[in-house]
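Novice: This is the structure I have questions about; it appears just below.
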Amino acid sequence: MKTVLNKQVITEIDPDIVINNNHYFPPNSTQKKFVKPSDIYPICEWKLNTTHFTLDVDYEENKDAVWYYPEA
């Protein structure tokens, strides 16, 4: 499974990880050159705190598109 934005592969794993019908990508599967810190700190109803990042690929931003659970 992989994610692509502007023809750039952002994440890729095999096999994919599915929990509660959601696909998860481990942090080491993400191309770090495409992510930058976000300024939001929302609360997830399942896992509480999340840390978000914005994707920036070829000058196109996808704000807060990437997140992880710091305590996980």
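Novice: Give me, ordered by chain and number, the residues 5 or more places off Thr50 or on other chains with an amide H under 5 Å from its own placed amide H.
Specialist: Amide H to amide H, under 5 Å and 5 or more residues apart or across chains, Thr50 pairs with Cys44.
Novice: Within the chain, what's the longest run with no chymotrypsin sites (Phe, Trp or Tyr not before Pro) in a DSSP loop and at most 14 other beta-carbon atoms within 10 Å? Give the range, please.
Specialist: With a cap of 14 other Cβ atoms within 10 Å, the longest stretch comes to 1-45.
Novice: Would you kindly derive the ³J(HN,Hα) couplings of region 4-11 from the backbone phi angles with the Karplus curve 6.51 cos²θ - 1.76 cosθ + 1.60 (θ = phi - 60°), listing them in order in whole Hz, with x for Gly and Pro?
Specialist: Once rounded to whole Hz, the list reads 9, 9, 6, 6, 9, 6, 8, 9.
Novice: Please report His23, His52 as a ranked list, fewest other C-beta atoms within 10 angstrom at the top and most at the bottom.
Specialist: His23, His52
Novice: Restricting to lysine pairs 8 or more places apart or on different chains, what number in the chain have Cα atoms under 17 Å apart?
Specialist: So the count of such lysine pairs works out to 7.
No value in this document is a laboratory result; all are computed from the given coordinates. Here the structure is a predicted model, which is why all the values come from computation and not from measurement. Here the Cβ is made from the backbone with ideal geometry for all residues, glycine too, and neighbour counts use every protein chain on show.
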